[in-house]
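Some notes on the structure that comes next.
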Amino acid sequence: MLLIVAFTSFLGNVAFAQKQGQELIDSLLAELPKAKEDTNKVNLLNALSYSLQYSNTEKGFNYSRQGLKLAETLNWQKGIARSIILMGTHSSITSDYTNSLEYLFKGLKMTEDLNDKVGIAQALTGLGLVYTDLSQYSNALEYILKALKLREELGNKKGIAGCLSNIGVVYYYQKDYPKSFEYYFKALKINREINNRDWEAVNLCNIGEAYKA
């Protein structure tokens, strides 16, 4: 079974950015009761949502919905948009593609209006992954390549690696294994450079699947 990388984290706090996996989740949960009802808490809720997207999708969705509610109370449009995008990716993980596309296109429109390039890239990535699941591979590549371009403009190596990995998945499903390997190994190289062990493991698993094919 192939693994995909959905999003880079919404949280910019350096102390949290250095953590991964359960250590990150535990740190975010410890911080949540102390958080004030402000934009930082929206980011915290969304970071928890992102971190739980595969291990506990239902709980992750609920955190993004809490983030949306608080962002709406604060009238913080960027927070609203990013919470909606997260709701879209959680919906895709549970194969609720109709709602996923609705959330993601809404989030994309909002982030474009705000010129929020990070949010735009996240929405584009999410759309690419939905279309991958729907076997609409030309659409999938279109959106992921747009996301990759934005990640490169932003200098976001983790995001670049995620997009490269996801492009590899699309080529794998199209049985274009040379292209798939090309993108997997590009992603692996970056993840090793930035010591992103979780996504390095994803790349290695996908490379193993490609060799089996």
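Would you mind working out the magnitude of the charge dipole of the chain relative to its Cα centre, with +1 at each Lys and Arg C-beta and -1 at each Asp and Glu C-beta, to the nearest 20 Debye?
Around 260 debye, computed over the chain.
Rg over Rh of the stretch 154-213, using C-alpha atoms and the Kirkwood radius, what does it come to?
My calculation of the ratio gives 0.97.
Of Ser135, Gln22, Tyr173, which is farthest on the positive side of the dipole of the chain, counting Cα position, with +1 on Lys and Arg Cβ, -1 on Asp and Glu Cβ, and the Cα centre as origin?
About the Cα centre, the residue reaching furthest to the positive side is Gln22.
Test of the criteria: in the stretch 139-177, which trypsin sites (Lys or Arg not before Pro) are in a DSSP loop and have at most 11 other Cβ atoms within 10 angstrom of their Cβ? Mind showing how you got there, number by number?
Numbers: sites: Lys146, Lys149, Arg151, Lys157, Lys158, Lys175; in loops: Lys175.
Sites meeting the loop and neighbour criteria: Lys175.
For the chain, what is the accessible area per residue in Å², given a 1.4 Å probe and the full set of protein chains?
48 Å²
Rounded to the nearest 0.05, what FRET efficiency do Gln174 and Ala201 have when you use their Cβ-Cβ distance and R0 = 25 Å?
Once rounded, the FRET efficiency stands at 0.55.
What share of Cα pairs, in percent, lie more than 12 angstrom apart in the stretch 62-101?
Every Cα pair in the stretch 62-101 considered, those over 12 Å come to 52 percent.
What are the semi-axes of the equivalent ellipsoid of the stretch 101-176, taken as the square roots of 5 times the eigenvalues of the Cα gyration tensor, listed largest first and rounded to whole Å?
After scaling each eigenvalue by five and taking roots: 20, 15, 7 Å.
Give the carbon-plus-sulfur fraction of the accessible surface of the stretch 54-109 in %, rounded to a whole number; probe 1.4 Å, heavy atoms of protein chains only.
48 percent
With Rg and Dmax of the Cα atoms in Å as the read-out, I listed (1) 16.3, 51; (2) 30.4, 127; (3) 18.8, 59; which label goes with the value calculated from this structure?
(1)
Under unit Cβ charges (Lys, Arg +1; Asp, Glu -1), what dipole magnitude, rounded to 20 debye, does the stretch 96-188 have relative to its Cα centre?
300 debye
So what is the relative contact order for the chain, in percent, with contacts set as C-alpha pairs under 8 Å and at least six apart?
17 percent
With no solvent and one point per C-alpha, what does the Debye sum give as log10 I(q)/I(0) for the stretch 136-179 at q = 0.17, 0.22 Å⁻¹?
-0.44, -0.68
If you project the alpha carbons of the stretch 62-128 onto their three principal axes, what span does each projection cover, largest first, in Å?
Over the stretch 62-128, Cα extents along the principal axes are 31, 24, 15 Å.
The values are calculated or read from the model by the stated rules, or taken from the named source; none is laboratory data. This one's a predicted model, so the numbers in the text were calculated from it and none came from an experiment. So basically every Cβ, Gly included, is an ideal-geometry build from the backbone, and we count neighbours across all protein chains shown. All accessible areas refer to the heavy atoms of the entire protein, side chains included, with ligands and DNA or RNA removed. Shrake-Rupley method; radii C 1.70, N 1.55, O 1.52, S 1.80 Å.
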